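Data first, discussion second: the structure below is written as structure tokens.
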Amino acid sequence: MKTVTLILPVYTYHIDFVGHVSNIVYIQWMEIGRMKFMEEIGMPVHKLSEQGIAPVLIETEIFYKHSLKLGDCAHMEIWLDELKSVSVNVAFRMCNGEGTLVATAHQKGVFVDLQKMRPQRLPAEMLERFEPYLQEAAPSETRVARSRSK
């Protein structure tokens, strides 16, 4: 299974009043990660939109394990834990520089026809680009937390 990895430094404007990285920053980092993921598979979002298709998020869930502070870096790993012709679940694992798990997360997205504003099935040749990143068994931290929340 392939993954996309990023290293994201913590800047002063990421810090909240408690002194650690604000929750909203994790969502911003996940957006960066999804954009990089789409670029890596050869389907940058701007090129996809030129074809009349856009990925749209319908669910975001984050499980915070440890905090990140100024001077830390988030090491993010991204893969898929579900792939369908209309939707995809993107999984995230974030650690600090020492390898301590900081957060796990997932986002569910659907592909939308921009003219009809309805879900759009991706052609088989597009779906094939996602397949090397598919690992149906997510890390235990993500799977356990998701099953408890349902």
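The values are calculated or read from the model by the stated rules, or taken from the named source; none is laboratory data. All values reported here derive from a predicted model rather than from experimental measurement. Methodologically, a virtual Cβ is constructed for each residue, glycine included, from the backbone with ideal geometry; neighbour enumeration extends over all protein chains shown.
A few remarks follow.
- In the range 17-50, the residues that are within 24 Å of Asp113 (Cβ to Cβ), loosely packed, with under 12 Cβ neighbours inside 10 Å and polar (S, T, N, Q): none
- Total residues in the range 49-62, condition touching a residue at least 40 places away in the same chain (Cβ under 8 Å) and more than 13 Å from the chain's Cα centre (by Cα): 4
- Residue match in the range 86-99 (condition: crowded, with 19+ Cβ neighbours inside 10 Å, at pLDDT below 95, of a type outside the set (Gly, Ala, Ser) and more than 19 Å from Glu39 (Cα to Cα)): no
- Qualifying residue in the range 57-70 (condition: in contact with an Asp or Glu (Cβ under 7 Å, 6 or more places away or on another chain) and crowded, with 19+ Cβ neighbours inside 10 Å): no
- Any pair with Cβ under 6 angstrom, 6 or more apart, that starts in the range 77-90 at a residue that is outside any strand (DSSP E or B) and ends at one that is surrounded by fewer than 18 Cβ atoms within 10 Å (Cβ to Cβ): Ser85/Arg121; Val86/Val110; Val86/Pro119; Val86/Arg121
- Number of positions in the range 100-150 that are small (Gly, Ala, Ser), at pLDDT 90 or above and surrounded by 11 or more Cβ atoms within 10 Å (Cβ to Cβ): 3
- Exactly one residue out of Met43, Met38, Met30 is of a type in the set (A, V, I, L, M), touching a residue at least 12 places away in the same chain (Cβ under 8 Å) and over 17 Å from Leu134 (Cβ atoms), and it is Met30.
- Residue among Leu57, Leu80, Leu48, Leu6 that alone is among the aliphatic types (A, V, I, L, M), closer than 21 Å to Tyr133 by Cα and at pLDDT below 95: Leu48
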